[in-house]
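Inspection log for the structure reproduced underneath, given as C-alpha cells.
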C-alpha cells in the first residue's frame, strides 16, 4: 500500500519546495516547515491529547493531504487569463475540503496562493474554524486578513466575504463587530448572521429569534427565506427536545420548503432529517427523508443532475442505518446514469460518477467506489480543452480525499497521466 502513494507524496513535496518561500495566511512558521508537517497536523493533535493514532489513520491522512495538494496544483495550472474565475472557484473547493477534514495548516498555505474574493472567503472560513477551536487570536487575524483581500469589482463577492467575517465575530461572542462588518441595508447577509447567532443565544431569547425567522420567511424573498430556513434548522438543533418548540420549527419549515426550487427542497428535507436523527428522533427523521425521496422521484431532473441529487438522499439513508435501501438506490441511480451517459455533454459526466463513488464509499463498498472513481477520471479526460479536464481532475481528487477513498497505484498513475497532459488549448 505504501507504494500506492509514492508518486503523489513526491508531487506534494515538489509543491512544498516550489511554494516554500511564500507567506502563510493567519499563522506563524515557514510555509515549508508547516507543509512538511501538514499531513500529520490532525495526528499531532490526537497525540497531544493522549489519543492513539493508528497506522491506518496516519495513512489515510497522508493520502488525503497528497490528493488535495494534487487537486490544488491542477487547479493552479489554469491560466489566469482568461480562466481566472474558474481557477479561483476550483482552488476554493480544494481549500474548503481541507477545512472540512481539519487540515488547517494545509488550508492556510493553499489560501495564500489564491486571489480575489474567493481567497477572502476561504480565509474567513479558516477563521471560523479557529474560532470554533477556541483560538481567538488566530481567528481575529484571519478576519482582518480576509477584509484586506482585494476583491476587485465584485460587489457580491465583497458582501460574501464580509458575511463570513461577521460569522467569525459571532462565534467569538463579539456581536458588535459582527454587525459593524455587515451594514444594516444588507438584509440577506444579516439573515445569515442571525442564523449563526442562534447557536449561542441564551435560552430565554430563542423564541424571539424564531420570530425573526418567521418574518424573513414571510417576505417570500428568496435570499431572506433561505436565511430563515437556515436559522430554523439551527434553532431546531437547540430546541429539538422541547415538544412545542420542535413542532413550531417543523410547521415553519414545512411551510417554507415548497417555496424553494425542487433541488433545494430535496436538500433541505435531508438536512432536517439529519438534525432530527442526530438527536434521536428517527421516526420524524424518516418522514423527512421519505418526503425528500418523494420529491426526487416526482421531479424530472436533467440526466447529468439525477445521480447528484439521488445520492444526497441515499447518503442520508446510510447515515440513518438503512444501508440495504441505500444500496438498492445507488444501484438504480448508477444503472440509470449509465444508460443515459452518452446523451450528456462530456464535461458534465464526471460529476455523476464522483457522486456515485462518494455514496458507495460511505456505504463501505470500496470496490464499487473505485470503479466509479475510475469512470470519473476517464469521463473527465474526454474534453479536448484542458480547462474542463483540469476542473474535473481536481474535483475527483477532492472527492476521493473527502470521502476517505485511497486510490490504488493504477488510479494514481491515471491521475498523474491526466495531469501531465494539461496543456494548450485551455
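The values are calculated or read from the model by the stated rules, or taken from the named source; none is laboratory data. Keep in mind that this is a model prediction, so the values were computed, not measured. No Cβ is skipped: glycine too gets one built from the backbone with ideal geometry, and neighbour counts run over all protein chains shown.
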- Task: Please verify whether the range 200-214 includes one or more residues that are within 17 Å of residue 268 (Cα to Cα), within 27 Å of the chain's Cα centre (by Cα) and assigned to a helix (DSSP H, G or I).
- Result: yes
- Message: On the basis of being surrounded by 15 or more Cβ atoms within 10 Å (Cβ to Cβ), modelled with pLDDT of 90 or more and out of contact with any helix residue (DSSP H, G or I) (no Cβ under 7 Å at 6 or more places or on another chain), does residue 174 make the cut?
- Response: yes
- Counting only residues that are assigned to a helix (DSSP H, G or I) and more than 19 Å from the chain's Cα centre (by Cα), which one in the range 391-414 is surrounded by the fewest Cβ atoms within 10 Å (Cβ to Cβ)? 410
- Within the range 140-161, can you find the residues that are free of Cβ contacts under 8 Å to residues at least 40 places away in the same chain, in a helix (DSSP H, G or I) and buried (at least 21 other Cβ atoms within 10 Å of the Cβ)? 143, 146
- Pairs, please: C-beta under 9 Å, at least 6 apart or cross-chain, first residue at pLDDT 95 or above and in the range 278-293, second assigned to a loop (DSSP other than H, G, I, E, B) and buried (at least 18 other Cβ atoms within 10 Å of the Cβ)? 278/240; 279/240; 280/240; 281/240; 282/320; 285/320; 286/320; 289/320
- Note on the structure: Checked 134, 102 against criteria (outside any helix (DSSP H, G or I) and out of contact with any helix residue (DSSP H, G or I) (no Cβ under 9 Å at 6 or more places or on another chain)); the one match is 134
- Determine which member of the set 199, 180, 195 is within 22 Å of residue 125 (Cβ to Cβ), surrounded by 21 or more Cβ atoms within 10 Å (Cβ to Cβ) and free of Cβ contacts under 8 Å to residues at least 60 places away in the same chain. 195
- Item | Subset tally (residues that are part of a loop (DSSP other than H, G, I, E, B), more than 23 Å from the chain's Cα centre (by Cα) and on the phi < 0 side of the Ramachandran plot) for the range 280-301 | 3
